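> This structure is in C-alpha cells; I'll ask about it shortly.
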Amino acid sequence: MKIYNTMSKRKEEFVPLEPGKVKMYVCGPTVYNFIHIGNARPYVVFDTMRRYLEYKGYEVQYIQNFTDVDDKIINRANEENVTMEALANKYIEEVLKDAEGLNVKKATHHPRVTEEMPQIIEMITTLMDKGFAYEKQGTVYFNTDAFADYGKLSHKNLEDLEAGARVDVDSLKEHTSDFVLWKPNKPGEPKWESPWGSGRPGWHIECSAMAKRYLGETIDIHAGGEDLIFPHHENEVAQSECANGTTFAKYWMHNGFINVDNQKMSKSKGNFFLLRDIVESFPYEVVRFFILSGHYRMPINFSDELVKSAEASLTRIKTAVKNLQFKLENASCEKISDEELKLVDEAKKFRADFEESMDDDLNTADAVTAIFEFVKFANINVTDSSSKEFAEKIKSEINLLGEVLGLNFEQDTKNENNEDAKKIEELIAKRQDARKAKDFGAADKIRNELQEMGVVLEDTSQGVRWSYK
Ligand code: AMP
Ligand code: ZN
C-alpha cells in the first residue's frame, strides 16, 4: 500500500515498524460542542484506514485523544455555569454517540488530557533537562532554535517564520516560534501542581505524551486534519523527537477540509453544520458514504445536494443487495453451476480493483466506483434462474467490500433520529400487533396510512421491511 506522507511530500510504500502491526495516533477533538461535519471527516477517513489495514491482516493499535482542558472549554463552562469537567464529559459522550452513528470503531484507547498529567509533566521535565525548553515566570516554552529540524513537517523554515511573524506581544518568549509547554493558571481556572508552579499544559504536549505512553517513542502513522500540520503537528515532532531522541512518526497523513460555500468552516465563524443537525435529514451512514465518495486529501464543498446524491448512490447499492437477497431466498436450485463458477471468477476483478484503489493512498472514491461496477455486474448476471449459492457468493463479496468501508449494505436505510422514521416504525409495530390479534381491519388501515406516507412494506422472513416508494 502507498501512503502520501506529508513529511516527504510523496507517496511512499507503507512498511510498518514491526511486521503485522500498526501503531496509529489520530488527534481528537476539543470537547466543548457537538462535532461539525468537518470534524466528522477525520473520524471517518482514518477509521476507514484502520479498517483497511485490518482487512489486510494487520493488528492495529489506534489511539485518539480528547482535549478536555482548554480555554474554549473553560469559557463555555463558565457561560453555562458548570464545571469544565462536567462540560467535557457531556461532549465526550456526545462525540462518542456521533462516532458510533458513523460506525467508527472505538479506539484501542481514548486518553483524556486531564488523566495524563504525570506523563505530560515528565516529558516537559525531560525537555528542560535536555536544554530544549526554558522557564519564565511559571511558563515553560519549547526553544525552537534548539531543534535544527524545526519546520521539517510543514516545510517552513525558521527564519521565514521569524520574519513573517507579527511583533510579539508575548515578551517572555525568546523566539517568535517558541511555544508553550506549561502555563500558570489564572485565578479560578483548573490547575495541576508541577515543578514550575501550579498551572496546566499547552495544547501540543498532550499528543506527544499520550502517543509515547500508549504506542511508544516511534509510531507508524500520525493523522489529523490538514489544519493541524502547523503548528500542532510540527510542535509534536519537535517535542517528541527532542525528548525521545528518535523519529516520532514514520507516516503523516492529513485529510483535506470540508468547506461551506468554498469558505473555511469553523466553530468560531459560526458557518458550520453540526453533524447532529445533518442527521435530522440524512442517516449517519449516508454521511459516512458522502465523506468516502471523495479522496481524503481533496477539499469537499459541503451542500445538501451532494449529500442527497450520495444518498441516492447508496440506495442503488442497497437495492441491488436486497434484490440479491430476494433471489437467493427464491432460487429454484441450490447448487452453483459451472457457468456461474466462471462468473464468480470474473467477479474477482472488482475486489482487485477495489484493493488497487485503496492501496493507492486510500483512494476511497475509486474504491466506491469499483463497488458500483460490481453492482452493475450483479444486476446483469444474477437472474431469477440463478442458483442460491451463486447469488449468495456475489452478495457476500459486495457486502465484504462495504464492510471494509464501514458500510453495512444489508442494513435498511433508516434514520433513527428522524421523527418520520420513528413514527413509521411505531405504526409497523402496531400493525404487527393487530395482525397477531387477528384484527385485520386495523392492520389494513395502518397499511393504508403508511401508503399515504409513501411507505411500502415488504414482509420477509426476517420481519417487515420498509422503504419509501
Ligand atoms: P478540532 O476540534 O477543531 O480540534 O478538530 C478536530 C479534528 O477535525 C482535527 O483533526 C481537525 O483537523 C479536523 N477538522 C476541523 N475542521 C475541519 C473541516 N472543516 N474539514 C475537515 N477536517 C476538519
Ligand atoms: Zn494532536
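> Any number yet on Rg/Rh for the stretch 112-166, C-alpha, Kirkwood?
Value, to two decimals: 1.06.
> Okay, moving on. If you count, for each residue, the other Cβ atoms within 10 Å and average over each peptide, how do 439-448, 56-65 line up from highest to lowest?
Result, highest mean first: 56-65, 439-448.
> Here is a follow-up. Please report how far the C-alpha centroid of the stretch 53-128 lies from that of the stretch 196-266, rounded to the nearest whole angstrom.
13
> Sequence gap at least 6, Cα distance under 8 Å: using those rules, report the relative contact order of the chain to the nearest whole percent.
Once divided by the residue count of the chain, the mean separation gives 16 percent.
> Okay, next question. Return the long-range amide H neighbours of HIS36 (sequence gap of 5 or more, or a different chain), with a cut-off of under 5 Å between placed amide H atoms.
For HIS36, the qualifying residues are LEU275.
> Can I ask one more? With a 10 Å radius around each residue's Cβ, average the other Cβ atoms per peptide and rank 210-221, 12-23, highest first.
210-221, 12-23
> Just for the Cα atoms in the stretch 333-469, what are the lengths along the principal axes, largest first, rounded to whole Å?
So the extents along the principal axes, rounded to whole Å, are 54, 39, 19.
> While we're looking at this one, here's another question. Based on the Cβ-Cβ distance from LYS342 to LEU306, what FRET efficiency comes out when R0 is 41 Å, to the nearest 0.05?
With R0 = 41 Å, the Cβ-Cβ based efficiency is 0.55.
> Does anyone have the angle between helix 71-80 and the longest principal axis of the chain? Alpha-carbon axes, 0 to 90°, nearest 10?
70
> On to the next question. Could you give the radius of gyration (one decimal) and Dmax (whole number) of the Cα atoms in the chain, in Å?
26.2, 84
> May I pose another question? Using the alpha-carbon atoms, what tilt in degrees (0 to 90, nearest 10) does helix 117-129 show relative to the longest principal axis of the chain?
That works out to roughly 40 degrees.
> Evaluate the Debye formula for the stretch 1-80 with equal point scatterers sitting on the alpha carbons, no solvent, and hand back log10 of I(q)/I(0) at q = 0.18, 0.27 Å⁻¹, in q order, two decimals.
Listed by q, the Debye log ratios stand at -0.87, -1.33.
> Return the tail of the calculated pair distribution for the stretch 263-334, meaning the percent of Cα-Cα pairs more than 14 Å apart.
So the pairs more than 14 Å apart make up 69 percent of the total in the stretch 263-334.
> How far is it, in nm, from the label point at ASN262 to the one at ASN379 when both lie 7 Å from their Cα along the line to the Cβ?
That separation, rounded to one decimal, is 3.4 nm.
> Under 27 Å Cα to Cα from LYS250, which lysines show up? Leave out anything in the same chain fewer than 8 places away.
In chain and number order, the partners are LYS2, LYS9, LYS11, LYS21, LYS23, LYS56, LYS105, LYS106, LYS130, LYS152, LYS156, LYS212.
> What percentage of all Cα-Cα pairs in the stretch 1-142 are separated by more than 25 Å?
The proportion of pairs with Cα distances above 25 Å equals 45 percent.
> On to the next question. In whole Hz, what ³J(HN,Hα) sequence does the stretch 27-37 give by Karplus (6.51, -1.76, 1.60; θ = phi - 60°), x for Gly and Pro?
Each residue of the stretch 27-37 in turn: 5, x, x, 8, 9, 9, 6, 5, 7, 9, 4 Hz.
> What's the whole-number percent of alpha carbon pairs in the stretch 251-374 lying beyond 20 angstrom?
For the stretch 251-374, the fraction of Cα-Cα distances above 20 Å is 58 percent.
> May I pose another question? Okay, helix-only estimate at 222 nm for the chain: each DSSP H run of n ≥ 4 adds -39500 (n - 2.57), divide by all residues, round to 500 deg cm²/dmol; what do you get?
-15000 deg cm²/dmol
> Quick one: if you take sqrt(5λ) for each eigenvalue of the C-alpha gyration tensor of the stretch 233-294, what semi-axes come out, biggest first, whole angstrom?
One finds semi-axes of 34, 16, 11 Å for the stretch 233-294.
> Another one. Treat the stretch 178-223 as a sphere of radius equal to its Kirkwood radius over Cα pairs and apply Stokes-Einstein at 37 °C in a medium of 0.692 mPa s; give the translational diffusion coefficient in µm²/s, rounded to a whole number.
Approximately 269 µm²/s, per Stokes-Einstein.
> May I pose another question? What residues have an amide H closer than 5 Å to that of GLU12, excluding those fewer than 5 places away on the same chain, when H is modeled at 1.01 Å from N in the peptide plane?
Hits under the 5 Å cutoff: ILE3, TYR4, ASN5.
> When the expected Rg is taken as 2.2 N^0.38 Å, what fraction or multiple of it is the alpha-carbon Rg of the stretch 190-334?
1.53
> Could you list which residues have their amide H under 5 Å from that of LYS21, counting only those 5 or more apart in sequence or on another chain, with H placed in the peptide plane?
Close amide H contacts, sequence-distant or interchain: GLU59.
> A further question on this structure: Rounded, prolate or oblate: which one fits the stretch 112-232, using the alpha carbon gyration tensor with axes a ≥ b ≥ c (rounded when a/c is under 1.5, else prolate when a/b beats b/c, else oblate)?
It comes out oblate by the Cα gyration axes.
We did not get these values from a lab; they are worked out from the coordinates using the rules stated. Nothing here was measured: the structure is a model prediction, and the numbers come from that model. Neighbour counts are summed over all protein chains in view; Cβ atoms, including those assigned to glycine, are modelled from backbone coordinates with ideal geometry.
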